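Taking it in order: structure first as structure tokens, then the write-up.
Throughout, read-outs are computed from the coordinates displayed, never taken from laboratory work. This one's a predicted model, so the numbers in the text were calculated from it and none came from an experiment. Methodologically, a virtual Cβ is constructed for each residue, glycine included, from the backbone with ideal geometry; neighbour enumeration extends over all protein chains shown.
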Amino acid sequence: MRDHPVVLVGPMAVGKSAVGRVLAQRTGSRFVDTDRLIVERHGTIADIFARHGEQGFRLLEAEVVAEVLVPGVVVSLGGGAVLHPRTQELLAGAVVVFLDTDLATVLPRISGDSGRPLLAGRPAERWQELYEARRPVYAALATVVVDGRGLSVRGTADAVLRALPAAPPPRTTDTSNDQTSTLADTLDTDINHEIGTQTHGD
């Protein structure tokens, strides 16, 4: 596990951040939540979506992923991060853990949550639509699949730890010719950081 980054992917509200923290604690690794890092630097995810749209957010997200994927780190990605081609390329060099779930499990977590712009208005229906569209991408990128339905955060972390030793090594990817443009240069530099706001988004 120390030789490669371990990256948690999966749908919104599956518990990637919470499981990632436990996993990092148990393995003595550093933990990075890419949504939280983006919020710390550029303001709320809802604000970034409003200013620059989903495409702009995905590009910024890919830049953060490129920065944090180093050996020995546990990384939690936003639910839609895997949609960006650059992020998909970067994940080729990581151990990718797909945390799977279902609507019944996440519904209490997303009801009334205003921090997820893609769920606005009808969270249950939108979550299911996004899950069905993205699940094939999660599965294709995954080194390991862990079903979190009915499991606590610690139980899910236990399942991940049991699965990791049997996981095949990740493919290697050459990032020396990184052509990703720097969206941060074009973002407003005075976007206010909102301390205490929800950091998760998509």
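Observations on the model:
- If R0 equals 25 Å, the separation of the Cβ atoms of residue 161 and residue 107 corresponds to a calculated FRET efficiency of about 0.40.
- Across the stretch 77-94, coupling constants 3J(HN,Hα) worked out from phi with the 6.51/-1.76/1.60 Karplus curve, θ = phi - 60°, read 9, x, x, x, 4, 5, 6, 7, x, 5, 4, 4, 4, 5, 5, 4, x, 10 Hz, and Gly and Pro carry x.
- Dimensions in Å of the stretch 57-175 - Rg and Dmax from alpha carbons: 15.0, 42
- Using a Förster distance of 30 Å, the FRET efficiency for residue 3-residue 25 (Cβ separation, nearest 0.05): 0.95
- Close amide-amide hydrogen proximity is noted between residue 9 and 97, 98, 99, each under 5 Å apart and 5 or more residues distant or on a separate chain (H modeled in the peptide plane; Pro and chain starts excluded).
- Over the stretch 1-137, the reciprocal of the mean inverse Cα-Cα separation, the Kirkwood hydrodynamic radius, stands at 15.3 Å.
- Phi angles of the stretch 24-34 translate, via the Karplus equation with coefficients 6.51, -1.76, 1.60 and θ = phi - 60°, into HN-Hα couplings of 5, 4, 6, 10, x, 9, 7, 10, 10, 9, 5 Hz per residue; Gly and Pro are given as x.
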